[in-house]
Amino acid sequence: MNDRTKMATPHDLSFQEFEEAAELLSANPDASTHSTARLENVNVGMNLEDDEDAQEETEMLTQQKKNLKFWSFEYYQSFFNIDTFQVLDRIKGSVLPLPGRSFVKHHLRNNPDLYGPFWICATLALIMAISGNVSTFLNESGDSNYHYSPQFHKVTVACVIIYCYAWLVPLGLWGFLQWRTNQSRSLSNYSFLETVSTYGYSLFIYIPAAVLCVIPEGWVHWLIFLLATVVSGSVLIFTFWPILSDDTRVAALSTMAAIIVLNVLLAVCCKVTFTYLFFFLKIPSCCKVKLLNFFFFSLSVLFLSNNPAATAITNDRRLCSEPHNCHS
Amino acid sequence: MAEVDESSKPLFAGLSDVSISEDIPVEGEISVPVDSPTQDDEYSTLDEPVKETILRDLKAVGKKFVHVLYPKKSTALLRDWDLWGPLLLCVTLALMLQRSSVDSKEDGGPQFAEVFVLIWFGSVVITLNSKLLGGTISFFQSLCVLGYCILPLTVAMIICRLVLLGSEGIVSFIIRFIVVIVSFGWSTFASTAFLADSQPPNRKALVVYPIFLFYFVISWMILTFAPSSSSSTKTVGH
């Protein structure tokens, strides 16, 4: 009892109210637990208080966002409420994913933005087109018949691919997770903006990868893209696994597999768009069809894991509960 | 201060008793003067010769060009914005960048419409970005600044074409590279000198980066401009 009064000296807390409370407490140590909890908090550390402050801030922010109408300019301004150092911190977090650190919880912190995703996608599309151009130029410069041409239509192709990946895939994933959340109470979901932000920032690693792909060696391209896919995929995995793991095992695994597959597909598409010359010309057109088929297959895996029959049946452990068994 | 209040109290105390009545003569003119001294020498612009109208606008455009070439932190560009200069520069640049050969669809260089759309759409996107980040500059002012700051790149394009008329080897590439780099830096520096002040200080880099990207794309198009050769060679394409 005496220890408690010694631990937190009331005089350090310069509010008079606290002094009264502390005096009352010292007089009667068995008083209500509210004041003791507060005094103990000061000793435990600042973590809890920070969380409470952060929570209050985020509640205020979300309330502010809800009060704005979607046709007002301020509504969209709320998505760009970000400073330079925050953007740099998020980019750093996407390049160095650490296990256990969810990008959403650790870096976004309830302030998702659209600046990063939009400009990272734009930069990536441009850098890919330029780098592919330079790479083919360096590769073919020895050839006397080669006539250099800038190939600007590649920019539009790259733009379409990247923007579709960075905006439609999060939409699909968020919609799927929202549906799953509505089905079972134990799940929680990130907001759509947080999903888009995560996907957008996860694409940042492809920018230095694209710059390095100027080196006109085939195996260098594959190695670089492999590394980039691993980093980008791990950002997505570490972010989405915490909320997926609450789901049934099959749905969780298949959703995670779909995320990874789509990420790999993006890398493959980038690689193909790049080294358009000495990759695309060499694979016959049937392989292009196979690539498309693979893409649609992965999409169907994603949608079949949504299949209510499949998920309802997993509890009964029937054979066809795993979609890829059905489709083999 | 208290003394003043006390001394002023008896002065103002009687005012509340005063009421303006018709007895007190009100002096002075009530009618608002309607710009009578300026009416004589300012006639409507309908009556002036066309040459004067055009020259006036051209002089304004030319003055802004000078501001871009020697960028100081002046508000002249921002105050009297106009879009004639950007239009002129954009059309010139697009005309010079477009492919002139008929069978140019395999060459993949930008067409007139592509350059035009790129410049205007890029300017609009950058302006929206700066406004969303909390900038105080207006939409058309930003378009005006971004358009005018293409001037160094247009000059670089002219120089590049002249250099390409001479030779096409590695020396000309180095010259063109240096010219384009210098004009790219000039454009970016000039536009940020005008635009950066309107942004909150902790977001300046976020606004400058898209401008940098925009001028980088235009510089890339200028640098990679290769005149179409007359001989039909095996061109790179699908």
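The values are calculated or read from the model by the stated rules, or taken from the named source; none is laboratory data. Keep in mind it's a predicted model, so treat the numbers as computed, not measured. Ideal geometry is used to build each Cβ from the backbone, glycine not excepted, and the neighbour counts take in all protein chains shown.
Specify the residue that is surrounded by the fewest Cβ atoms within 10 Å (Cβ to Cβ); the eligible residues are those in the stretch A:101-116 that are of a type outside the set (Val, Ile, Thr) and in contact with a Pro (Cβ under 9 Å, 6 or more places away or on another chain). Per the criteria, the residue is A:LYS105. Just so you know, in the stretch B:124-177 the residues that are within 13 Å of another protein chain (Cβ to nearest Cβ), over 30 Å from A:SER78 (Cβ atoms) and part of a loop (DSSP other than H, G, I, E, B) include one that is modelled with the lowest pLDDT, and it is B:GLU168. Within the stretch A:81-95, being buried (at least 19 other Cβ atoms within 10 Å of the Cβ), hydrophobic (A, V, I, L, M, F, W, C) and either touching a residue at least 60 places away in the same chain (Cβ under 8 Å) or facing chain B (nearest Cβ under 7 Å) (or both) holds for one residue alone: A:VAL87. Considering the conditions (1) surrounded by 16 or more Cβ atoms within 10 Å (Cβ to Cβ); (2) within 14 Å of chain B (Cβ to nearest Cβ); (3) hydrophobic (A, V, I, L, M, F, W, C); (4) closer than 19 Å to A:LEU138 by Cβ, A:VAL211 is excluded by exactly one of them, (1).
Which one is farthest from the chain's Cα centre (by Cα), of the residues in the stretch A:236-267 that are of a type in the set (Ser, Thr, Tyr) and buried (at least 20 other Cβ atoms within 10 Å of the Cβ)?
Going residue by residue through the stretch A:236-267, those that are of a type in the set (Ser, Thr, Tyr) are A:239, A:245, A:248, A:254-255.
Within this subset, residues satisfying the condition of being buried (at least 20 other Cβ atoms within 10 Å of the Cβ) are A:239, A:254-255.
Details: A:THR239: 6, A:SER254: 18, A:THR255: 14 Å.
Looking at residues that are of a type in the set (Ser, Thr, Tyr) and buried (at least 20 other Cβ atoms within 10 Å of the Cβ), I get A:SER254.
Checking each residue in the stretch A:168-190 for being surrounded by 16 or more Cβ atoms within 10 Å (Cβ to Cβ) and of a type in the set (A, V, I, L, M, F, W, C) picks out A:VAL169, A:LEU173, A:TRP174, A:PHE176, A:LEU177, A:LEU187.
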